[in-house]
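The values are calculated or read from the model by the stated rules, or taken from the named source; none is laboratory data. Computed from a predicted model, the values in this text were never measured in an experiment. In this analysis, Cβ positions are derived from the backbone assuming ideal geometry, glycine residues included, and neighbour counts consider all displayed protein chains.
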Amino acid sequence: MKADFKVNINDVIGKIDPRMWGSLVEQLGRGVYTGIYQPNHPTADENGCRQDVIAAIKELNVPVIRYPGGNFVSGYNWEDGVGPQDKRPVRLDLAWKTIENNQFGLHEFMNWAQKINANADMAINLGTRGIDAARNLVEYCNFPKGTYWSDLRIKNGQTEPFNIKLWSLGNEMDGDWQIGHKTAEEYGRLAHETAKAMKIVDPSIELIACGSSSHTMATFGKWEETVLDHVYDDVNYLSLHQYYDNNEHNIKKFLGFSVDLDNFINDVVAICDAVKARKHKNKTMYLAMDEWNVWYHSKDADAKADPWQIAPHLLEDHYNFADALVVGAMAMVLINHADRVKIGCLAQLVNVIAPIMTNTEGEPSVWLQSIFYPFMQVSNYAQGEALKVEANCKSYTVENITVPYISSSAVYNSDKNELVLFIENKSDQESQFNYELTSCTDVSLVDATQFCGYDLKQTNEDQTMQLERLSKINVAANSIAGKLGPYSWNMIRLSANVK
Ligand code: AHR
C-alpha cells in the first residue's frame, strides 16, 4: 500500500476555531457525580471537584464545555441547581430514568470550568420549558445586578456576572426520544422567540440552533431547512450530532464511517447555503458539531439497568483500538471542514462515552481510554490553519461508500511555525507514504508519533496503550516520506516557515 499527499502551506481551508476541540458534560450516569464531582474523594478540592480528573482533562486542553446536556436538559429546571445545596430538590430525570439530587449545578459547573480553563456552552431547556426559563437564566448569569435574577446570583455567592457567551437552544429536538420533542415548525418558532428574548437580555450572546441528531434521521434536510427559515437571523451556528457503532462487526464499514461524516457536513453546508441564497442573506451559517463520538459498547447493559438510581453506571463504553481510529478519522474530517465547523464537542468527557474514566475508590483513580490519545493530539496540535491536502491512494468500497485506505489532514500553526500532519492507515498492511510540501522552507522534524500495534478489539483498562515514536521517516527539503504501521494513527510535527 502506498499513499501520496501534497500540501501547499498557502492553500488554506480555514482557521481552526479553538472551540473545535470542546466536549460535553451531561448530568448523566457518572459524568458529573463520581466523575468530575465527588466531595468524599481523596483528591477533591474545596468545591468537591476531583483534582485527579482535572489534571487528566487539562491534558486534553478542552476550550469549551457544553452543559448540562444532552437529553437531560430537556427536562431540567436550572433553578434546582442553584442556592444552598441542602435545600435543592431531588428530582426524577426522565431522560435517563435516574434520580438527580442537584448537588452539582450552575455555580459548581462554572467554578469547575474555570479550573480547567474552559468556557461554557450553556444549553437551555426547550423540551418542557421555553422562553421564560431561558430569559431568566440569561439574566441570572449575565446581568450585572439590581434585578430579581441577577441579585439572586449575587446572593448565591457570585458577585460578577458569569458572562456566558455561547448558548444552545435546546438539545436534539428532532428526536422522538427527547422529552418535549417537536416538529421542525414547532421548534423553529420556539427557538426564534426564545432567541429574541435571550438577546434582549444580553445582545452579545451567540446562539446554536438544533440541527439533526444524526445523518440518518428521517427528517434530515427538511428539519434544517425549516428550522433555519425561522432562526437564520437569530443564531450563529446550526448543530449536528453523530455517533458511530460497530454493531454489525464490519470493521471496514466501521473504519470508513468518517466518509459518512464528511458527507453529512457537506450536506448541512449545502442546506445552509441554499437557505442563505433563498433568503438573500449575506450572513454565513456556521456549524457546531456539538456531539460526536463512537457509542455502542454499553447499550445492552444500559437497557438492563435498574431505573431511578443516583449516578448509576450508564453509557460506560470501554473503547477499543478500532474506536480510537474512528475518533481520529472523525477529528480529521472536522479539521478538513474548519471553514464551516467552528465548534466541536466530543461527547462526552468523563465516564459517559468518555476518553477519561474514574474509579470511585481505589487505584487507578483515573484511567485513560484508547480514544483519549488521538483526541489529545488534535486538541493540542490541530491549532492554526487547516490546509488542503491532495491525496492519491488506493481505496475500498463498502455499501457504496468509497473509503481511502490512508487519509490525512494538515495544519499550519503560524504562531509556532509548525506544520502538523495527521495520517491514518486503515489497512492491515504496513504502508508507504510520501508527502510533498510546497511553499515552505527550513523544514525539520520536531516530533513524530504513532498509535499502532494493538489488536483492534484491545481496550485500555490496564493502561498499557501508549503513543510511540514513529521512526521510519525521512525529512528532505520539500518532502517527507516514511512507513506507517498497519491500522495506525500518526502525527508528524515539522518546523517550517512559509516561503
Ligand atoms: O451523549 C449522550 C446522548 O446522546 C445525549 O444526551 C444526547 O443529546 C444524544 O442522543
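Residues in segment 439-495 that are of a type in the set (Asp, Glu) and without any contact (Cβ under 8 Å) to a residue 60 or more places away in the chain: Asp442, Asp447, Asp462, Glu468.
For segment 30-71, the tally of residues that are more than 25 Å from Pro374 (Cα to Cα), in contact with a helix residue (DSSP H, G or I) (Cβ under 6 Å, 6 or more places away or on another chain) and either within 16 Å of the ligand (Cβ to nearest atom) or not acidic (Asp, Glu) (or both) stands at 3.
Could you list all residues from segment 385-404 that are in contact (Cβ under 8 Å) with a residue 60 or more places away in the chain, farther than 17 Å from Thr438 by Cβ and part of a strand (DSSP E or B)? Within segment 385-404, Cys393, Tyr396, Val398, Ile401, Thr402, Val403, Pro404 meet the criteria. Per the conditions (1) away from the ligand (no atom under 16 Å from the Cβ); (2) surrounded by fewer than 22 Cβ atoms within 10 Å (Cβ to Cβ); (3) under 24 Å from the mean Cα position of the chain (by Cα); (4) not hydroxyl-bearing (Ser, Thr, Tyr), the sole criterion not satisfied by Phe143 is (3). If you go through segment 405-426 one residue at a time, do you hit one that is part of a strand (DSSP E or B), within 18 Å of Val326 (Cβ to Cβ) and without any contact (Cβ under 8 Å) to a residue 60 or more places away in the chain? No. Once segment 251-296 is narrowed to residues that are in a loop (DSSP other than H, G, I, E, B), under 18 Å from Met330 (Cα atoms) and in contact with a strand residue (DSSP E or B) (Cβ under 7 Å, 6 or more places away or on another chain), the residue that is farthest from the ligand (Cβ to nearest atom) is Gly256. For the residues Asp323, Asp317, the requirement of being in contact with a helix residue (DSSP H, G or I) (Cβ under 9 Å, 6 or more places away or on another chain), buried (at least 23 other Cβ atoms within 10 Å of the Cβ), of a type outside the set (Gly, Ala, Ser) and in a loop (DSSP other than H, G, I, E, B) singles out Asp317. Considering only segment 72-84, state which residues are more than 16 Å from the ligand (Cβ to nearest atom), outside any loop (DSSP other than H, G, I, E, B) and either among the small types (Gly, Ala, Ser) or not assigned by TED's automatic domain parsing to the domain that holds Ser23 (or both). Listed by number, the list holds a single entry, Gly81. Within segment 469-493, the set of residues being of a type in the set (Ser, Thr, Tyr) and more than 10 Å from Glu430 (Cα to Cα) comprises Ser471, Ser479.
Restricting the first member to segment 245-268 and to residues that are in contact (Cβ under 8 Å) with a residue 24 or more places away in the chain, and the second to residues that are part of a loop (DSSP other than H, G, I, E, B) and surrounded by 16 or more Cβ atoms within 10 Å (Cβ to Cβ), the beta-carbon pairs closer than 6 Å and six or more apart or on different chains are Phe254/Asn246; Leu255/Lys426; Phe264/His215; Ile265/His337.
Results for (1) touching a Phe, Trp or Tyr at 6+ places or on another chain (Cβ under 6 Å); (2) more than 16 Å from the ligand (Cβ to nearest atom); (3) part of a helix (DSSP H, G or I); (4) assigned by TED's automatic domain parsing to the domain that holds Ile343, shown as yes or no for each residue.
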residue	(1), (2), (3), (4)
Glu185	no, yes, yes, yes
Met198	no, yes, yes, yes
Ser204	no, yes, no, yes
Gly211	no, no, no, yes
Ser214	no, no, no, yes
Ala218	no, no, no, yes
Val235	no, yes, no, yes
Ser239	no, no, no, yes
Glu248	no, yes, no, yes
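Note down all Cβ pairs under 6 Å where the first residue falls in segment 19-34 and is assigned by TED's automatic domain parsing to the domain that holds Lys342, the second is part of a helix (DSSP H, G or I) and within 16 Å of the ligand (Cβ to nearest atom), and they're at least six residues apart or on different chains. Short answer, once both residue conditions are applied: Glu26/Phe72; Gln27/Phe72; Leu28/Phe72. From the set of residues in segment 4-29 that are touching a helix residue (DSSP H, G or I) at 6+ places or on another chain (Cβ under 8 Å) and β-branched (Val, Ile, Thr), which is surrounded by the fewest Cβ atoms within 10 Å (Cβ to Cβ)? Looking at residues that are touching a helix residue (DSSP H, G or I) at 6+ places or on another chain (Cβ under 8 Å) and β-branched (Val, Ile, Thr), I get Ile13.
A single entry from Val53, Val62 fulfils the requirement of being assigned to a loop (DSSP other than H, G, I, E, B), assigned by TED's automatic domain parsing to the domain that holds Gly180 and within 22 Å of Asn380 (Cβ to Cβ): Val62. Considered as a group, the residues in segment 274-304 that are farther than 24 Å from His249 by Cβ and small (Gly, Ala, Ser) include one that is farthest from the chain's Cα centre (by Cα), and that residue is Ala277. Within segment 275-301, if we keep just the residues that are of a type in the set (A, V, I, L, M) and under 24 Å from Gly170 (Cα atoms), the residue that is surrounded by the fewest Cβ atoms within 10 Å (Cβ to Cβ) turns out to be Val275.
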